[in-house]
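The values are calculated or read from the model by the stated rules, or taken from the named source; none is laboratory data. A quick note: this is a predicted structure, and the numbers were derived from the prediction, not measured. No Cβ is skipped: glycine too gets one built from the backbone with ideal geometry, and neighbour counts run over all protein chains shown. Quick note on the areas: whole protein, heavy atoms, side chains included, nothing else; ligands and nucleic acids left out. Shrake-Rupley method; radii C 1.70, N 1.55, O 1.52, S 1.80 Å.
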Amino acid sequence: MNDAVLFEARDDGIAIITLNQPATHNALSLEIRKGLFAAWDRFEHDPALRIAILTGAGEKAFCAGGDLKEMVERGLKVPPRDMFPVPYDSVELSKPTIAAVNGVAFAGGWMIAQACDLCVASNRAKFAVTEVKVGRSSPWAAPLINMIPQRIMMEILLTGKPITAQRAYEIGLVNRLTEPESLLETALELAAEILDGAPLSVKAARETVMLATEMGRSAGLAAARGASEYCYNSEDAQEGPRAFAQKRKPEWKGR
């Protein structure tokens, strides 16, 4: 890690990753990008960590997007695919993630929030895909069509105008809204609800959602059945029903 990105590995299996340059609205500077790549790698390869929460330091910004000054200095045209640490895209992850959006999530900030599996937002947060305002493009927004209606996506991308956290919640971009002071607590509560599930079941459930998103109905069903076999054949698949019958909390082993 570096000071630009903080990493907290909690004993309960939750990692908290914090963008830590509030003076520049946590823009995706070189330092933050390097720190994020390292943080995601650490999370993925630590078997004790099962879910990660990504948030930003300060009250104003989750992440204001790319560093425009750097783009000018570099004469950046098409960004290299490995330039930005985008979960499940340029960063390979197999575990669930939650974006805890504490302030503005513009351009690249929207990008990394969108890439997380779930999103909790402060009611003061704002979201925008602002690339049309600065002559850039937003190909990373393509998966958004699986999250929100086409006409709403069209308006967001074509106008570049921000939407409120409430509006983001209404259109299905945000899972839960909260007061600013309760943001992290709410994200931790959501993470804990996921951690209550059997690890292999959670993994299979996430894969099922992604397969269903990317495939047609028949192909998605077939692929999801294959992704679920390891879970069905696990010790936990026997422990769950046994614990239910015995009226006790299951003891998950993840195997």
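Size of the chain along its principal axes in angstrom, Cα-based, largest extent first?
Between the extreme Cα coordinates on each principal axis of the chain lie 61, 41, 33 Å.
With the crude spin-label approximation of a point 7 Å out along Cα→Cβ, what separation in nm comes out for residue 37 versus residue 8?
2.7 nm
Just the Kirkwood number for the stretch 118-255, please: inverse of mean 1/r across all distinct Cα pairs, in Å, one decimal. Intermediate results must be reported in sequence, preceding the final value.
Working: mean 1/r = 0.0558 Å⁻¹.
The Cα-based Kirkwood calculation yields 17.9 Å.
Rounded to the nearest 500, what is the chain's calculated 222 nm mean residue ellipticity when only DSSP H runs of at least 4 contribute -39500 (n - 2.57) each, over all residues? Mind dumping the intermediate values first?
On the way: 9 runs with 102 residues, N = 255.
The helix-only estimate for the chain comes to -12000 deg cm²/dmol at 222 nm.
Using a probe of 1.4 angstrom, how much of the accessible area of the chain is carbon and sulfur, in percent?
Numbers: 7370 of 13760 Å².
C and S atoms contribute 54 percent here.
Students often check this: by mean Cβ neighbours within 10 Å, which of 37-43, 48-54 ranks highest, and how do the rest follow? Could the numbers behind the result be given before it?
Values: 37-43: 19.4, 48-54: 21.6.
Result, highest mean Cβ count within 10 Å first: 48-54, 37-43.
How much accessible area per residue does the chain have, counting only protein heavy atoms and a probe of 1.4 Å, in square angstrom?
Accessible area per residue, the chain: 54 Å².
Using a simple charge model, +1 on the beta-carbon of Lys and Arg, -1 on the beta-carbon of Asp and Glu, nothing else, what dipole does the chain show about its Cα centre, in debye to the nearest 20? The partial results should precede the final answer.
Numbers: 29 positive and 32 negative charges, 129 e Å.
Charge dipole, the chain, about its Cα centre: 620 debye, nearest 20.
Using a Gaussian network model on the chain with a 10 Å cutoff between Cα atoms, which of 47, 22, 87 fluctuates the most?
Per the Cα network of the chain with a 10 Å cutoff, 47 tops the list.
Test of understanding: express the Cα radius of gyration of the stretch 89-145 as a ratio to 2.2 N^0.38 Å, with N the residue count.
Normalised by 2.2 N^0.38 Å, the Cα Rg of the stretch 89-145 equals 1.17.
In nanometres, what is the gap between the two model label sites at residue 147 and residue 78, each 7 Å from Cα along Cα-to-Cβ?
Simple spin-label model gives 2.5 nm for this pair.
What length, rounded to one decimal in nm, is gained on full extension from residue 158 through to residue 213, with 0.36 nm per residue of separation minus their alpha-carbon distance?
On the way: separation 55, 0.36 × 55 = 19.80 nm, distance 2.41 nm.
Stretched fully, the residue 158-residue 213 segment lengthens by 17.4 nm.
Which one of 13, 182, 48 has its Cα pushed farthest toward the positive end of the charge dipole of the chain, where Lys and Arg give +1 and Asp and Glu give -1 at the Cβ?
Ranked along the dipole, the leading option is 182.
Principal axes first, then extents: for the Cα atoms of the stretch 1-142, list largest minus smallest coordinate on each axis, whole Å, largest first.
44, 32, 30
Kindly rank 213-225, 180-192 from highest to lowest mean number of other beta carbons found within 10 Å of each residue.
On the way: 213-225: 12.5, 180-192: 17.8.
Descending packing order for the listed peptides: 180-192, 213-225.
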